[in-house]
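This report refers to the structure that appears directly beneath it.
We did not get these values from a lab; they are worked out from the coordinates using the rules stated. Here the structure is a predicted model, which means the values were calculated and not measured. So basically every Cβ, Gly included, is an ideal-geometry build from the backbone, and we count neighbours across all protein chains shown.
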Amino acid sequence: MFPLYRLRKYKPLGVAFVVFIFLLTARSLITYFFIKLPQNLILSPSLYKEIIKLKKEKLILQMKIERLKRLKEENRRLRKSLKIFKKTPFLGNLICKEVIGWSPSFWRREVFVEKDEKIKENALVLNEEGFLIGKVTHKEKGYAVITLLNDPQFFLPVFIENKGRALLKGNLENLKLLYVEERQKVRKEDKIWIKEKNFNFPIYIGKIINLRKSKNSFFLDVEVKPFASLSLIEEVFILNGKN
């Protein structure tokens with residue numbers, strides 16, 4: 001019988017052999033999974049085309065989903081507007097237009113809508129809740145320009161409740177009321193409105209949120225907060241001036 005104690009001197013060689021085989025196998029696996037396999041995947045023309053095709057289909061589906069979401073939200077807003085305008089004499093005299101652009105100027109607050117022969121200059125413009133948001137100021141070759149209430153160049157004669165008249169001036173923050181006298185006894189929360197000449201119906205604009213005496217003028221310094229949101233406007237309703 002071969003003595004077992006003689007095998008002990010070969011033990012380090014056996015361990016070294018096992019480690020060598022393990023490292024060789026590990027190297028082969030690493031080379032395959034991290035070098036050869038990715039190269040085969042990348043260099044496969046049919047697989048590459050299939051991946052590109054799937055990415056395009058995914059992008060198209062995402063765009064369709066976003067479009068459906070927008071249409072759903074637009075439908076909700078228009079249904080809400082229909083309920084509101086049914087209670088006014090404006091329903092058959094409104095031109096609904098989608099906003100197609102905004103003024104790039106930091107100092108202007110204008111939106112653009114597609115040109116329409118029915119749209120007249122100085123026509124009043126409402127939001128989906130029936131509040132005034134601006135007026136049509138001019139028309140270009142392919143579009144009409146709507147100047148919003150908060151444009152610094154916006155001016156409009158208005159009523160303060162039943163306490164008299166004033167001139168509404170646009171401002172980048174809160175709106176201003178000019179030529180308001182102390183004897184008019186205006187108060188905070190007083191509503192500002194206008195009446196379109198062809199309709200015997202008030203169009204509300206906003207409410208007074210602050211007023212104080214001016215040291216250098218006979219008139220009060222009055223600030224107005226509009227009822228309508230003047231940012232991210234998507235649709236507008238333009239009065240065509242016929243009754």
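Values as computed for the structure displayed
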item: Over 28 Å (Cα to Cα) - which of 176/215; 118/191; 97/188; 118/207 fall in this group; result: 118/191; 97/188; 118/207
item: Point-to-point label distance, residue 46-residue 140, nm (Cα→Cβ direction, 7 Å offset); result: 5.4 nm
item: Segment residue 153-residue 73, length gained on full extension (0.36 nm per residue, minus Cα span); result: 25.6 nm
item: Cut-off 14 Å (backbone N to label point 7 Å along Cα→Cβ of residue 182), residues of region 207-226; result: 212-221
item: Residues residue 107 and residue 58, FRET efficiency given R0 of 35 Å [Cβ-Cβ distance, rounded to 0.05]; result: 0.25
item: Trypsin sites (Lys or Arg not before Pro) within region 131-193, DSSP loop, no more than 12 other Cβ atoms inside 10 Å; result: 141, 185, 187, 188
item: Cα→Cβ-extended label distance, 7 Å offset, between residue 215 and residue 200, nm; result: 4.9 nm
item: Vicinal HN-Hα couplings computed from phi for region 226-233 (Karplus, 6.51 cos²θ - 1.76 cosθ + 1.60; Hz; Gly/Pro x); result: x, 6, 8, 6, 9, 10, 6, 6
